[in-house]
2 protein chains.
Amino acid sequence: MNVDGRGAAATDTAGLEVLTREECLRLLAEAPIGRIVFTDQALPAVQPVNFTMLGTDIVVRTSPESKLAQATRDTVVAFEVDDYDVATRTGWSVMVVGIGHAVDDPEERAVLEALPLRSWAPGPRSHFIRIMTDIVTGRRIPRRP
Amino acid sequence: MNVDGRGAAATDTAGLEVLTREECLRLLAEAPIGRIVFTDQALPAVQPVNFTMLGTDIVVRTSPESKLAQATRDTVVAFEVDDYDVATRTGWSVMVVGIGHAVDDPEERAVLEALPLRSWAPGPRSHFIRIMTDIVTGRRIPRRP
(Lines give C-alpha, C1' and ligand atoms only; values in the text may rest on other atoms or scores of the structure.)
Protein backbone atom coordinates (compact mmCIF):
# COMPACT_ATOMS: atom_id res chain seq x y z
CA MET A 1 0.00 0.00 0.00
CA ASN A 2 1.38 3.38 -0.97
CA VAL A 3 -1.51 5.33 0.47
CA ASP A 4 -2.40 5.14 4.13
CA GLY A 5 -5.89 4.55 5.50
CA ARG A 6 -6.65 8.27 5.70
CA GLY A 7 -6.08 8.86 1.99
CA ALA A 8 -2.90 10.87 2.51
CA ALA A 9 0.17 10.09 0.42
CA ALA A 10 2.63 7.83 2.21
CA THR A 11 6.09 9.17 2.94
CA ASP A 12 9.37 7.25 3.05
CA THR A 13 11.97 7.43 5.82
CA ALA A 14 13.53 10.48 4.10
CA GLY A 15 10.23 12.39 4.23
CA LEU A 16 9.55 12.08 0.49
CA GLU A 17 6.07 11.27 -0.81
CA VAL A 18 5.84 7.76 -2.22
CA LEU A 19 4.08 7.65 -5.60
CA THR A 20 1.78 4.79 -6.54
CA ARG A 21 2.54 2.58 -9.56
CA GLU A 22 -0.42 4.17 -11.39
CA GLU A 23 0.93 7.67 -10.72
CA CYS A 24 4.41 6.57 -11.85
CA LEU A 25 3.08 5.11 -15.13
CA ARG A 26 1.09 8.30 -15.79
CA LEU A 27 4.21 10.45 -15.23
CA LEU A 28 6.25 8.11 -17.46
CA ALA A 29 3.70 8.47 -20.25
CA GLU A 30 3.93 12.28 -20.11
CA ALA A 31 7.73 12.61 -19.94
CA PRO A 32 9.51 13.44 -23.21
CA ILE A 33 12.95 12.29 -22.08
CA GLY A 34 14.16 9.45 -19.87
CA ARG A 35 17.56 8.10 -18.94
CA ILE A 36 18.63 4.50 -19.48
CA VAL A 37 21.11 3.09 -17.00
CA PHE A 38 23.25 0.24 -18.28
CA THR A 39 26.73 -1.23 -17.96
CA ASP A 40 29.44 -0.28 -20.44
CA GLN A 41 32.69 -2.23 -20.20
CA ALA A 42 31.98 -3.12 -16.57
CA LEU A 43 31.35 0.54 -15.65
CA PRO A 44 28.02 2.20 -14.88
CA ALA A 45 26.65 4.29 -17.74
CA VAL A 46 23.60 6.47 -18.25
CA GLN A 47 22.22 8.04 -21.41
CA PRO A 48 19.20 10.28 -22.01
CA VAL A 49 16.81 9.19 -24.74
CA ASN A 50 13.41 10.19 -26.03
CA PHE A 51 10.89 7.37 -25.81
CA THR A 52 7.28 6.39 -25.94
CA MET A 53 5.10 3.88 -24.08
CA LEU A 54 3.36 0.85 -25.58
CA GLY A 55 0.96 -0.19 -22.87
CA THR A 56 3.19 -0.34 -19.80
CA ASP A 57 6.41 -0.96 -21.78
CA ILE A 58 9.00 1.69 -22.57
CA VAL A 59 10.08 1.86 -26.23
CA VAL A 60 13.33 3.48 -27.38
CA ARG A 61 14.77 3.76 -30.90
CA THR A 62 18.48 3.78 -31.49
CA SER A 63 21.12 2.81 -33.99
CA PRO A 64 21.87 -0.95 -34.13
CA GLU A 65 25.60 -0.17 -33.81
CA SER A 66 25.22 2.01 -30.71
CA LYS A 67 26.65 1.08 -27.33
CA LEU A 68 23.12 1.41 -25.99
CA ALA A 69 21.79 -1.22 -28.42
CA GLN A 70 24.59 -3.64 -27.56
CA ALA A 71 24.38 -3.09 -23.81
CA THR A 72 20.59 -3.41 -23.38
CA ARG A 73 20.06 -6.74 -25.15
CA ASP A 74 18.21 -9.05 -22.73
CA THR A 75 19.75 -7.37 -19.69
CA VAL A 76 18.34 -5.70 -16.61
CA VAL A 77 18.41 -1.93 -17.01
CA ALA A 78 17.10 1.02 -15.04
CA PHE A 79 15.14 3.85 -16.61
CA GLU A 80 14.51 7.20 -14.96
CA VAL A 81 12.32 10.24 -15.60
CA ASP A 82 12.04 13.31 -13.41
CA ASP A 83 10.96 16.90 -13.33
CA TYR A 84 11.80 19.61 -10.84
CA ASP A 85 11.32 23.27 -10.10
CA VAL A 86 14.37 25.22 -8.98
CA ALA A 87 12.32 28.12 -7.53
CA THR A 88 10.32 25.98 -5.08
CA ARG A 89 13.01 23.29 -4.71
CA THR A 90 10.40 20.62 -5.40
CA GLY A 91 10.26 17.82 -7.92
CA TRP A 92 9.51 14.17 -8.55
CA SER A 93 11.27 11.19 -10.03
CA VAL A 94 10.21 7.77 -11.26
CA MET A 95 12.55 4.81 -11.65
CA VAL A 96 11.87 1.61 -13.55
CA VAL A 97 13.97 -1.53 -13.24
CA GLY A 98 13.24 -4.14 -15.87
CA ILE A 99 14.53 -6.34 -18.64
CA GLY A 100 15.60 -4.59 -21.83
CA HIS A 101 14.71 -6.51 -24.97
CA ALA A 102 16.12 -6.01 -28.45
CA VAL A 103 13.10 -6.30 -30.73
CA ASP A 104 14.00 -8.69 -33.57
CA ASP A 105 10.60 -10.25 -34.34
CA PRO A 106 9.27 -8.74 -37.62
CA GLU A 107 5.65 -8.53 -36.44
CA GLU A 108 6.61 -6.83 -33.19
CA ARG A 109 8.91 -4.47 -35.12
CA ALA A 110 6.01 -3.51 -37.40
CA VAL A 111 3.94 -2.51 -34.35
CA LEU A 112 6.79 -0.37 -32.97
CA GLU A 113 7.50 1.20 -36.39
CA ALA A 114 3.93 2.51 -36.34
CA LEU A 115 4.41 4.34 -33.03
CA PRO A 116 4.87 8.13 -33.11
CA LEU A 117 8.51 7.78 -32.07
CA ARG A 118 11.34 9.52 -33.91
CA SER A 119 14.73 9.72 -32.25
CA TRP A 120 15.90 13.27 -31.51
CA ALA A 121 19.45 12.32 -32.43
CA PRO A 122 20.36 12.37 -36.13
CA GLY A 123 21.04 9.30 -38.29
CA PRO A 124 19.18 6.04 -38.92
CA ARG A 125 17.59 4.52 -35.82
CA SER A 126 16.41 1.10 -36.89
CA HIS A 127 16.94 -0.68 -33.57
CA PHE A 128 14.12 -0.87 -31.00
CA ILE A 129 14.65 -1.46 -27.29
CA ARG A 130 11.62 -2.47 -25.28
CA ILE A 131 11.87 -2.23 -21.49
CA MET A 132 9.40 -4.02 -19.25
CA THR A 133 8.29 -1.97 -16.25
CA ASP A 134 8.80 -4.83 -13.80
CA ILE A 135 9.65 -2.64 -10.81
CA VAL A 136 8.34 0.93 -10.76
CA THR A 137 9.01 3.33 -7.90
CA GLY A 138 8.56 7.06 -7.56
CA ARG A 139 9.11 9.83 -5.04
CA ARG A 140 8.09 13.46 -4.80
CA ILE A 141 9.60 16.25 -2.70
CA PRO A 142 6.58 17.88 -1.08
CA ARG A 143 6.13 21.65 -0.95
CA ARG A 144 7.05 23.16 2.39
CA PRO A 145 4.12 24.54 4.36
CA MET B 1 41.25 15.97 -29.47
CA ASN B 2 37.60 16.85 -29.35
CA VAL B 3 37.87 19.72 -31.77
CA ASP B 4 39.15 19.20 -35.27
CA GLY B 5 41.75 21.35 -37.01
CA ARG B 6 39.16 23.72 -38.46
CA GLY B 7 37.76 24.68 -35.06
CA ALA B 8 34.45 22.87 -35.60
CA ALA B 9 33.05 20.64 -32.86
CA ALA B 10 33.80 16.96 -33.39
CA THR B 11 30.87 14.60 -33.88
CA ASP B 12 30.57 10.97 -32.82
CA THR B 13 29.41 8.08 -35.00
CA ALA B 14 25.78 8.90 -34.13
CA GLY B 15 26.14 12.47 -35.42
CA LEU B 16 26.15 14.06 -31.94
CA GLU B 17 28.56 16.86 -31.07
CA VAL B 18 31.26 15.73 -28.67
CA LEU B 19 31.77 18.16 -25.79
CA THR B 20 35.22 18.88 -24.38
CA ARG B 21 36.06 18.12 -20.74
CA GLU B 22 36.15 21.88 -20.05
CA GLU B 23 32.69 22.35 -21.56
CA CYS B 24 31.39 19.36 -19.55
CA LEU B 25 32.75 20.75 -16.27
CA ARG B 26 31.21 24.15 -17.01
CA LEU B 27 27.80 22.55 -17.68
CA LEU B 28 28.14 20.45 -14.50
CA ALA B 29 28.84 23.59 -12.45
CA GLU B 30 25.66 25.25 -13.77
CA ALA B 31 23.24 22.31 -13.39
CA PRO B 32 21.01 22.35 -10.28
CA ILE B 33 20.16 18.63 -10.39
CA GLY B 34 22.13 15.53 -11.35
CA ARG B 35 21.45 11.82 -11.19
CA ILE B 36 23.64 9.34 -9.35
CA VAL B 37 23.79 5.84 -10.79
CA PHE B 38 24.64 3.11 -8.32
CA THR B 39 23.88 -0.53 -7.54
CA ASP B 40 21.15 -1.44 -5.07
CA GLN B 41 20.90 -5.11 -4.10
CA ALA B 42 22.63 -6.16 -7.33
CA LEU B 43 20.22 -4.10 -9.48
CA PRO B 44 20.92 -0.84 -11.29
CA ALA B 45 19.54 2.23 -9.52
CA VAL B 46 19.44 5.94 -10.28
CA GLN B 47 18.42 8.85 -8.07
CA PRO B 48 18.23 12.58 -8.75
CA VAL B 49 20.01 14.84 -6.27
CA ASN B 50 20.92 18.48 -5.96
CA PHE B 51 24.65 19.02 -5.70
CA THR B 52 27.49 21.46 -5.87
CA MET B 53 31.05 21.36 -7.17
CA LEU B 54 34.23 21.72 -5.11
CA GLY B 55 36.91 22.26 -7.71
CA THR B 56 36.27 19.42 -10.14
CA ASP B 57 34.60 17.14 -7.55
CA ILE B 58 30.86 16.65 -7.22
CA VAL B 59 29.49 17.04 -3.68
CA VAL B 60 26.13 15.61 -2.57
CA ARG B 61 24.48 15.72 0.87
CA THR B 62 22.24 12.94 2.05
CA SER B 63 21.09 11.13 5.15
CA PRO B 64 23.65 8.69 6.61
CA GLU B 65 20.97 5.97 6.69
CA SER B 66 19.97 6.38 3.05
CA LYS B 67 20.47 3.69 0.43
CA LEU B 68 22.44 6.26 -1.51
CA ALA B 69 24.90 6.79 1.36
CA GLN B 70 25.39 3.05 1.81
CA ALA B 71 25.72 2.29 -1.90
CA THR B 72 28.21 5.02 -2.83
CA ARG B 73 30.88 4.37 -0.20
CA ASP B 74 34.20 3.92 -2.06
CA THR B 75 32.49 2.55 -5.15
CA VAL B 76 32.49 3.53 -8.80
CA VAL B 77 29.36 5.50 -9.63
CA ALA B 78 28.08 7.40 -12.63
CA PHE B 79 26.63 10.90 -12.41
CA GLU B 80 24.60 12.56 -15.13
CA VAL B 81 23.28 16.04 -15.89
CA ASP B 82 21.35 17.09 -18.95
CA ASP B 83 19.09 19.75 -20.37
CA TYR B 84 16.87 19.63 -23.41
CA ASP B 85 14.34 21.62 -25.37
CA VAL B 86 11.21 19.79 -26.51
CA ALA B 87 10.30 22.43 -29.12
CA THR B 88 13.58 22.18 -31.06
CA ARG B 89 14.28 18.56 -30.07
CA THR B 90 17.78 19.53 -29.04
CA GLY B 91 19.69 19.04 -25.82
CA TRP B 92 22.93 18.02 -24.19
CA SER B 93 24.09 15.57 -21.54
CA VAL B 94 27.21 15.10 -19.49
CA MET B 95 28.19 11.86 -17.79
CA VAL B 96 30.82 11.42 -15.11
CA VAL B 97 32.21 8.06 -14.02
CA GLY B 98 34.26 8.18 -10.87
CA ILE B 99 34.83 6.93 -7.36
CA GLY B 100 32.26 7.96 -4.79
CA HIS B 101 33.75 8.72 -1.38
CA ALA B 102 31.97 8.95 1.95
CA VAL B 103 33.53 11.95 3.66
CA ASP B 104 34.47 10.93 7.22
CA ASP B 105 37.51 13.14 7.84
CA PRO B 106 36.49 16.04 10.19
CA GLU B 107 38.62 18.65 8.39
CA GLU B 108 37.25 17.68 4.99
CA ARG B 109 33.71 17.65 6.43
CA ALA B 110 34.21 21.18 7.74
CA VAL B 111 35.11 22.36 4.23
CA LEU B 112 32.00 20.72 2.75
CA GLU B 113 29.74 22.03 5.55
CA ALA B 114 30.73 25.54 4.49
CA LEU B 115 29.55 25.02 0.89
CA PRO B 116 26.23 26.58 -0.17
CA LEU B 117 24.62 23.14 -0.40
CA ARG B 118 21.28 22.36 1.23
CA SER B 119 19.49 19.19 0.20
CA TRP B 120 16.09 19.77 -1.41
CA ALA B 121 14.67 16.74 0.35
CA PRO B 122 13.49 17.23 3.94
CA GLY B 123 15.18 15.83 7.05
CA PRO B 124 18.75 15.90 8.37
CA ARG B 125 21.42 15.42 5.71
CA SER B 126 24.64 15.01 7.58
CA HIS B 127 26.34 12.61 5.13
CA PHE B 128 28.55 13.95 2.34
CA ILE B 129 29.34 12.04 -0.84
CA ARG B 130 32.24 13.33 -2.92
CA ILE B 131 32.55 12.03 -6.48
CA MET B 132 35.78 12.41 -8.41
CA THR B 133 35.28 13.37 -12.05
CA ASP B 134 37.69 10.74 -13.33
CA ILE B 135 35.97 10.19 -16.67
CA VAL B 136 33.86 13.02 -18.08
CA THR B 137 32.05 12.77 -21.42
CA GLY B 138 29.36 14.90 -23.01
CA ARG B 139 27.25 15.04 -26.14
CA ARG B 140 24.98 17.61 -27.71
CA ILE B 141 22.22 17.11 -30.29
CA PRO B 142 22.91 19.86 -32.82
CA ARG B 143 20.17 22.07 -34.23
CA ARG B 144 19.04 21.02 -37.69
CA PRO B 145 19.95 23.45 -40.45
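The values are calculated or read from the model by the stated rules, or taken from the named source; none is laboratory data. None of these values were measured; they are calculated from a predicted model. All Cβ positions, even for glycine, are placed from backbone atoms using ideal geometry, and neighbour counts span all protein chains on display. Ligands, DNA and RNA are excluded from the accessible area calculation, which covers all protein heavy atoms including side chains. Shrake-Rupley method; radii C 1.70, N 1.55, O 1.52, S 1.80 Å.
Brief remarks follow.
- Total residues in segment B:54-84 satisfying the condition of being hydroxyl-bearing (Ser, Thr, Tyr) and more than 10 Å from chain A (Cβ to nearest Cβ): the figure is 2.
- Count - residues of segment A:72-117 that are touching a residue at least 12 places away in the same chain (Cβ under 8 Å), under 22 Å from B:ILE36 (Cβ atoms) and among the hydrophobic types (A, V, I, L, M, F, W, C): 10
- Residue count for segment A:22-44, restricted to those that are within 12 Å of chain B (Cβ to nearest Cβ), assigned to a helix (DSSP H, G or I) and open to solvent by less than 50 Å² (accessible area, probe 1.4 Å): 0
- Residue in segment A:126-139 that is modelled with pLDDT under 95, out of contact with any helix residue (DSSP H, G or I) (no Cβ under 8 Å at 6 or more places or on another chain) and under 30 Å from B:ASP12 (Cβ atoms) present: yes
- Flag for B:ARG118 being at positive phi and at the interface with chain A (Cβ under 9 Å from one of its Cβ atoms): no
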